[in-house]
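A quick write-up on the structure given underneath.
The values are calculated or read from the model by the stated rules, or taken from the named source; none is laboratory data. In this text, all values refer to a predicted model and were calculated from it rather than measured experimentally. Using ideal geometry, Cβ is built from the backbone for each residue, glycine included, and neighbour counts are taken over all protein chains shown. Quick note on the areas: whole protein, heavy atoms, side chains included, nothing else; ligands and nucleic acids left out. Shrake-Rupley method; radii C 1.70, N 1.55, O 1.52, S 1.80 Å.
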Amino acid sequence: MRASGPLFYLFNISYAVDMIRVSKSPAQTKKIARFVLDRVKKQDIAGPRVMALEGNLGSGKTTFVQGLSSTLGIKERILSPTFVLIKIYQTAHRRFKHLIHIDCYRLRSSKDLLHLGFKDLLCDQDAIIVIEWADRIKKLIPHGALWIKFKHGKNPAERIIKIKK
């Protein structure tokens, strides 16, 4: 299998595909988001697509969501919904009508997200649900979600992005 761009690795382990990508800039992180979205939209599964993001502060999670949003035709400026917790955007995409952006940084427990209607959001067949700080609510993440882990690299702008299904 041939992949584009430098430092792209593809491993096939027990039917799971792990991708590791090194981003050298916010623009590259957004490009990786477009690449991931292209793969996700080809999946033939019922229900919303869920992307569970984890990583330290400033590791590129929100930048990744910004890349997704621009690819989906969202014109609004995307910021992490740290204080409102959930933000729903209408897209211009024909398959995905909504981008649901959730930030779990301030949650004390997964019950907090349930009180905000998380189970109802999982019923939106036309959505992509992206959850920052998803490791804080692991029990609620549906089976089949795409886990994306962000790490700071050696250089200030460098990010290591690991994608695991």
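Quick notes on this structure:
- Using alpha-carbon coordinates, inclination of helix 61-71 to the longest axis of the chain, degrees: 90 degrees
- Projecting the Cα atoms of Pro156, Ile32, Ser59 onto the charge dipole of the chain, computed from C-beta unit charges around the Cα centre, puts Pro156 farthest toward the positive end.
- The chain: antiparallel DSSP beta bridges as a percent of all, rounded to 5: 60 percent
- Extension reserve of the Arg94-Leu114 stretch, reckoned as 0.36 nm per residue once the Cα distance is removed: 4.3 nm
- Average Cα contact separation per residue, the chain, under 8 Å, 6 or more apart, as relative contact order %: 31 percent
- Spin-label pair Ala27/Arg39, simplified geometry with 7 Å Cα→Cβ offset, distance in nm: 2.3 nm
- Distance violations [Cα-Cα > 18 Å] among Lys30/Lys165; Lys42/Lys165; Lys75/Lys119; Lys42/Lys149; Lys87/Lys119; Lys31/Lys154: Lys30/Lys165; Lys75/Lys119; Lys42/Lys149; Lys31/Lys154
- Contour excess over end-to-end distance, with Cα ends at Lys87 and Ala46 and 0.36 nm allotted per residue: 12.5 nm
- On a per residue basis, the stretch 52-147 carries 53 Å² of accessible surface, using protein heavy atoms and a 1.4 Å probe.
- Cα→Cβ-extended label distance, 7 Å offset, between Lys138 and Asp126, nm: 3.5 nm
- Dipole check for the chain: with +1 at the C-beta of Lys and Arg, -1 at the C-beta of Asp and Glu, and the Cα centre as origin, the magnitude is about 380 Debye.
- Under a model in which nothing but the beta-carbon of Lys, Arg (+1) and Asp, Glu (-1) is charged, the stretch 56-154 shows a dipole of about 280 debye around its Cα centre.
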